[in-house]
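Before any comments, here is the structure.
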Amino acid sequence: MPQLPEAIFHNPPWHALRTKHRHFAQIRGNACRYLPSVAPFAALAAPDEIALRDLHTLMQPGESVWIFGENLPTVEGLAYDATLPTLQMVLLADTPVPPPDDAITPLSDPAEMVALTDIAFPGFFRPGTCEMGEYFGLRSGGQLVSMGGERLMLEGYSEISGICTHPDHRGRGYAARVVSHLVRKHSAEGLVSWLHVVASNTHAIGLYESLGFQIVRQVVLTRITASIAGISHPSM
């Protein structure tokens with residue numbers, strides 16, 4: 001069955017920002033990050049003080065980013081103010097390819113996508129997030145009520161992300177249909193479908209398992225915030 005190699009998937013933003021998403025990267029020494037308008041993720045070559053200081057120079061005072069890893073060394077000007085245990089899941093190789101669903105259409109309006117995702121996970125989906133891959137949705141009465149798409153892109157692997165449904169339209173199988181559409185797209189493109197889900201979100205985990213995904217490992221994301229008063233921030 002498909003696996004998510006530890007060498008890459010213990011720190012997928014690092015590898016995405018050096019390959020498929022190089023055009024979204026801000027890089028300084030041993031640290032890199034996505035453009036603030038695209039995604040709140042950063043990455044370190046190694047979880048050490050040197051890399052963290054490099055990351056600090058890429059951040060504005062008061063700004064927060066998420067990195068993969070925990071138990072980081074103390075660095076002046078940076079605060080570690082939250083952790084998020086998260087599961088990585090991958091689609092089993094023998095999962096049947098879902099049939100086409102003509103009701104699902106491509107999305108192109110960042111504002112309506114941000115508005116919908118902010119109901120479920122504020123701050124993670126930004127105006128430029130939809131440029132990381134392709135996004136699709138379902139509408140009811142012209143209103144976008146369910147959506148999802150592609151986020152971290154690696155050679156041979158495409159992350160399914162941004163899966164959400166408006167509270168007034170939940171329980172109708174919309175999210176499953178969107179995920180199935182993405183799985184079908186990836187199958188046609190020869191890509192392995194994978195995703196992240198918060199470890200405490202048992203409802204979503206059950207949905208993904210019912211669609212053929214299997215848990216591979218748990219990773220921990222740490223939110224890093226740059227203090228208002230700290231080291232100087234050179235212009236970018």
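Screening the chain for DSSP H helices whose Cα atoms reach 15 Å or more along their own axis and whose mean Kyte hydropathy is at least -1.0 gives 110-120, 174-189.
Could you compute the FRET efficiency for Q218 and A188, with r as their C-beta to C-beta distance and R0 at 35 Å, rounded to 0.05? Calculated value: 0.70.
Placing R0 at 30 angstrom, the Cβ-Cβ distance between I50 and D118 gives a FRET efficiency of 0.25 after rounding to 0.05.
Taking every alpha-carbon pair under 8 Å whose residues sit at least 6 apart, the chain reaches a relative contact order of 29 percent. Loop exposure criterion: GluC sites (Glu not before Pro), DSSP state outside H, G, I, E and B, at most 12 other Cβ atoms within 10 Å. Applied to the chain, the longest stretch between such sites is 156-236. For the range 141-213, applying the loop criterion from DSSP together with a ceiling of 14 other beta carbons within 10 Å to the trypsin sites (Lys or Arg not before Pro) yields R170, R172.
Amide H to amide H, with H built 1.01 Å from N, L221 comes under 5 Å of G69, L84, T86, counting only residues 5 or more places away or on other chains. Residue order for D102, D54, fewest other beta carbons within 10 angstrom first, comes to D102, D54.
Based on Cα contacts under 8 Å between residues 6+ apart, the range 88-217 shows a relative contact order of 32 percent. Modelled this way, with points 7 Å down the Cα-to-C-beta line, the labels at V198 and R172 are 2.4 nm from one another.
The label-point distance for R18 and L92, in a model that sets each label 7 Å from Cα toward Cβ, rounds to 3.4 nm.
Values quoted throughout were computed directly from the atomic coordinates according to the rules given, and no laboratory measurement underlies them. Here the structure is a predicted model, which is why all the values come from computation and not from measurement. Cβ sites come from the backbone with ideal geometry, for glycine too, and all protein chains shown count toward neighbours.
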